[in-house]
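Trainee: Before anything else, here's the structure in question.
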Amino acid sequence: MTRLDTINVSIGTVGVLGLDQVPMETAPTTAYLMLGGRCAMNCAFCAQARESAASALKLSRVTWPAYPLPEVAEGLRGAVQRGEIKRVCIQVTAGAGAFERTLEVVHALRRAVPDVPFNADILPQNMEQVDALFAAGLDHIGIGLDAASAEVFASVKGAHWARMWSTIEAISARYNGRLSAHVIVGLGETERDVVTVLRRLHGLGVLVGLFAFTPLHGTPLSARRQPSLDSYRRMQAARYLIFVRGLTLDGARFAASGALIDFGVPDLDILLADGEAFRTSGCRDCNRPFYNERPGGVIYNYPRPLTTDEARAALAQMWESPDNPVAETDADRHSRTAIG
């Protein structure tokens, strides 16, 4: 069986589609599929990068075994009928034939589940490809911006920050509200950088899927730690306040280090009390269980509604961390500024 006959399926999706028995603490509500094999790009954090020594079946910390496309289509049909799958998301690595293969798979799977929204995480080469992808039935395209500053982008992805933003701006101008961007916290940026990028993307009508950097064996960043939980919680809250609550965070204040020390928002605890800010973000019905986490470990993105106790704990975690406390020094008080 050739690669063209198969597609990689995230291990959680394998279980939901009934392709194999998979024990799961939380099941995915989106079917996550992957196309393309090793990527032509060389992102320093990615298992699928061109020079990565990580397993070819890995993306983030998730395993993606290959299955025949007809079996996946049939499994999707059943999972959708049972109400277990509400979206299909196709991760596409860059390479020869990736665009054509994506169209082929979208057409094939939409025949099986015509009423389910589809998105593809792909980097189109031009607007003609974008038009063709939406014409094929995608409701969203996702782009891996990943880095929150030009410097970090250059160090982990390459020197094409301006080109990436040109692509984002062009697609969002033509298909407003139908583009999403991935932003990874913990690649070396500051919290000020993340908030600035979140505001810029929101202004363009681009959804944001927020990720916590996850170190992977076999990648150049394997020794880097995940972001501290307090920092990630603040960035989750910032995304929620901007994208869901419609706040500009013009009054946000930052320490000299770039750490967010004050959202400048009245009644912050009330706005965040239900815990929705700390759930997985991105397209609707995308919950990505354990994409950044290990079962039983620290949860960065909750794949389900939080309990009252979990929401209360997440609020407290925004300002509490033994590893990276946010303490305002005299220098911070003199240097803090509202984000521009």
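The values are calculated or read from the model by the stated rules, or taken from the named source; none is laboratory data. Keep in mind the model is a prediction, meaning the values are calculated, not measured. We place every Cβ from the backbone using ideal geometry, glycine too, and count neighbours over all the protein chains shown. What goes into the accessible areas is simple: the full protein's heavy atoms, side chains included, and nothing from ligands, DNA or RNA. Shrake-Rupley method; radii C 1.70, N 1.55, O 1.52, S 1.80 Å.
Trainee: Would you tally the residues in region 190-224 being open to solvent by 50 Å² or more (accessible area, probe 1.4 Å), small (Gly, Ala, Ser) and touching a strand residue (DSSP E or B) at 6+ places or on another chain (Cβ under 7 Å)?
Mentor: Total satisfying the criteria: 0.
Trainee: Give the residue that is farthest from residue 196 (Cα to Cα), with candidates limited to residues of region 137-151 that are acidic (Asp, Glu) and surrounded by fewer than 20 Cβ atoms within 10 Å (Cβ to Cβ).
Mentor: Step by step, filter region 137-151, then rank; the result is 139.
Trainee: Looking at 16, 80, which one is touching a residue at least 40 places away in the same chain (Cβ under 8 Å) and surrounded by 17 or more Cβ atoms within 10 Å (Cβ to Cβ)?
Mentor: Only one candidate qualifies: 16.
Trainee: Next question, about the same structure. Those residues that are assigned to a helix (DSSP H, G or I), among the small types (Gly, Ala, Ser) and either within 26 Å of residue 131 (Cα to Cα) or within 18 Å of the chain's Cα centre (by Cα) (or both), I need them from region 46-102; list them, please.
Mentor: Selection gives 73, 98.
Trainee: Let me ask something else about it. Condition test on residue 170, is it open to solvent by 20 Å² or more (accessible area, probe 1.4 Å), in contact with a helix residue (DSSP H, G or I) (Cβ under 8 Å, 6 or more places away or on another chain) and in a helix (DSSP H, G or I)?
Mentor: yes
Trainee: Oh, and also: So in region 237-292, with the set limited to residues that are without any contact (Cβ under 8 Å) to a residue 12 or more places away in the chain and assigned to a loop (DSSP other than H, G, I, E, B), which one is nearest to residue 141 (Cα to Cα)?
Mentor: Once the filter is applied, the top-ranked residue is 246.
Trainee: Something else now. Among the residues that make up region 129-150, is at least one of them on the phi > 0 side of the Ramachandran plot and in contact with a Leu (Cβ under 8 Å, 6 or more places away or on another chain)? I'd like the intermediate steps shown before the answer.
Mentor: From region 129-150, those on the phi > 0 side of the Ramachandran plot are 137, 146; that's our starting set.
In the following step, the residues that additionally are in contact with a Leu (Cβ under 8 Å, 6 or more places away or on another chain) were identified as 146.
Scanning region 129-150 turns up at least one residue that is on the phi > 0 side of the Ramachandran plot and in contact with a Leu (Cβ under 8 Å, 6 or more places away or on another chain).
Trainee: Restricting the search to region 109-136, which residues are surrounded by fewer than 17 Cβ atoms within 10 Å (Cβ to Cβ) and in a loop (DSSP other than H, G, I, E, B)?
Mentor: Passing the criteria: 114, 115, 125, 126, 136.
Trainee: I need a count of the residues in region 192-226 that are in a loop (DSSP other than H, G, I, E, B) and farther than 30 Å from residue 51 by Cβ.
Mentor: Let us first name the residues in region 192-226 that are in a loop (DSSP other than H, G, I, E, B), namely 204-206, 213-226.
Still in the list and also farther than 30 Å from residue 51 by Cβ: 204-205.
Looking only at that region, the number is 2.
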